[in-house]
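The values are calculated or read from the model by the stated rules, or taken from the named source; none is laboratory data. This one's a predicted model, so the numbers in the text were calculated from it and none came from an experiment. Here the Cβ is made from the backbone with ideal geometry for all residues, glycine too, and neighbour counts use every protein chain on show.
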Amino acid sequence: MKKIRQGVFETNSSSTHSLSLRSSRDYENFSIPEEISFGEFGWGYDVLKSPEEKLSYVLTFIGHLERFYDIKDLKSANSKFEEVKYIKWLKEVVKEKTGESFDIVLIDSEYYPFGYIDHQSLEPSIFEEEGFWSEDGVEFKNKMKDLIFNEKYSIIIDNDNH
């Protein structure tokens, strides 16, 4: 069951991450950098619009889902990334859409080298609430390609302190 609110912002959380929809149009003339880092997505305010920003958010979400923060030896992190099906699928999406590949890099943070998404925005995640998450590889890739490379989607990060 999905609750859709139009023209109303409502939450009982200190922070909220949501998807915003506009008219549909693929990005034109874009490229993905050779390195994508995990990001820090806390209380905001921020609007993630570019493919790079949205890809970083999805990557950071996967990092939390796969509990990357439990990895103690940072040197072994890259081999762990390559084992995760969602990361493999993301890399395939980027390669298919741009013809480019990317490497994952840790962020320069003592506490969050694998990025951070505010805990109250992780469960349920915007991906689950909006039907953007799938265990099926083909479905996951199609949804992520649309989310990351279509201008109609923005990820809005905000909190109730405004």
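For the range 123-136, which residues satisfy the criterion of being out of contact with any Lys or Arg (no Cβ under 9 Å at 6 or more places or on another chain), surrounded by fewer than 18 Cβ atoms within 10 Å (Cβ to Cβ) and either touching a residue at least 24 places away in the same chain (Cβ under 8 Å) or in a strand (DSSP E or B) (or both)?
Ser125
For the range 63-91, give me the residue count where each residue is surrounded by fewer than 21 Cβ atoms within 10 Å (Cβ to Cβ) and closer than 22 Å to Lys152 by Cβ.
The qualifying residues number 1.
Please work out if Glu96 is surrounded by fewer than 14 Cβ atoms within 10 Å (Cβ to Cβ) and touching a residue at least 12 places away in the same chain (Cβ under 8 Å). Lay out the reasoning, then the answer.
Numbers: surrounded by fewer than 14 Cβ atoms within 10 Å (Cβ to Cβ): yes; touching a residue at least 12 places away in the same chain (Cβ under 8 Å): yes.
For Glu96, the condition - surrounded by fewer than 14 Cβ atoms within 10 Å (Cβ to Cβ) and touching a residue at least 12 places away in the same chain (Cβ under 8 Å) - is met.
Out of everything in the range 117-136 that is small (Gly, Ala, Ser) and on the phi < 0 side of the Ramachandran plot, what residue ends up being modelled with the highest pLDDT? I'd like the intermediate steps shown before the answer.
If we filter the range 117-136 for residues that are small (Gly, Ala, Ser), which is where we start, we get 121, 125, 131, 134.
If we keep only those that are on the phi < 0 side of the Ramachandran plot as well, we get 121, 125, 134.
Values: Ser121: 69, Ser125: 74, Ser134: 89.
It comes out as Ser134.
Out of all the residues in the range 64-78, is one or more aromatic (Phe, Trp, Tyr), in contact (Cβ under 8 Å) with a residue 60 or more places away in the chain and more than 13 Å from Ile36 (Cβ to Cβ)?
The first filter runs over the range 64-78 and keeps only residues aromatic (Phe, Trp, Tyr), leaving 68-69.
Cutting the leftovers down to in contact (Cβ under 8 Å) with a residue 60 or more places away in the chain gives us none.
Checking the range 64-78: not a single residue is aromatic (Phe, Trp, Tyr), in contact (Cβ under 8 Å) with a residue 60 or more places away in the chain and more than 13 Å from Ile36 (Cβ to Cβ).
Only residues in the range 141-162 that are among the small types (Gly, Ala, Ser) count as the first member; pair them with residues that are in a loop (DSSP other than H, G, I, E, B) and at pLDDT 90 or above, Cβ under 9 angstrom, at least 6 apart or cross-chain, and list the lot.
Ser154/Lys49
Just need a number here: residues in the range 136-152 that are under 13 Å from Val58 (Cα atoms) and in contact with an Asp or Glu (Cβ under 7 Å, 6 or more places away or on another chain).
Our first condition is that a residue be under 13 Å from Val58 (Cα atoms); within the range 136-152, this holds for 140-141, 143-149.
Cutting the leftovers down to in contact with an Asp or Glu (Cβ under 7 Å, 6 or more places away or on another chain) gives us 141, 149.
Qualifying residue count, the range 136-152: 2.
Does Glu139 meet the test of being over 16 Å from Trp43 (Cβ atoms), at pLDDT 80 or above, more than 15 Å from the chain's Cα centre (by Cα) and not in a loop (DSSP other than H, G, I, E, B)?
Working: over 16 Å from Trp43 (Cβ atoms): yes; at pLDDT 80 or above: yes; more than 15 Å from the chain's Cα centre (by Cα): yes; not in a loop (DSSP other than H, G, I, E, B): yes.
Yes; evaluated as a whole, the condition is true for this residue.
So which of Lys143, Lys97, Lys152 is touching a strand residue (DSSP E or B) at 6+ places or on another chain (Cβ under 7 Å) and not hydrophobic (A, V, I, L, M, F, W, C)?
Values: Lys143 fails: touching a strand residue (DSSP E or B) at 6+ places or on another chain (Cβ under 7 Å); Lys97 fails: touching a strand residue (DSSP E or B) at 6+ places or on another chain (Cβ under 7 Å).
Of Lys143, Lys97, Lys152, the one residue that is touching a strand residue (DSSP E or B) at 6+ places or on another chain (Cβ under 7 Å) and not hydrophobic (A, V, I, L, M, F, W, C) is Lys152.
Being among the hydrophobic types (A, V, I, L, M, F, W, C) and either crowded, with 16+ Cβ neighbours inside 10 Å or closer than 16 Å to Leu59 by Cβ (or both): is that true of Val105 here? Working first, answer last.
Details: among the hydrophobic types (A, V, I, L, M, F, W, C): yes; either crowded, with 16+ Cβ neighbours inside 10 Å or closer than 16 Å to Leu59 by Cβ (or both): yes.
The answer is yes for Val105.
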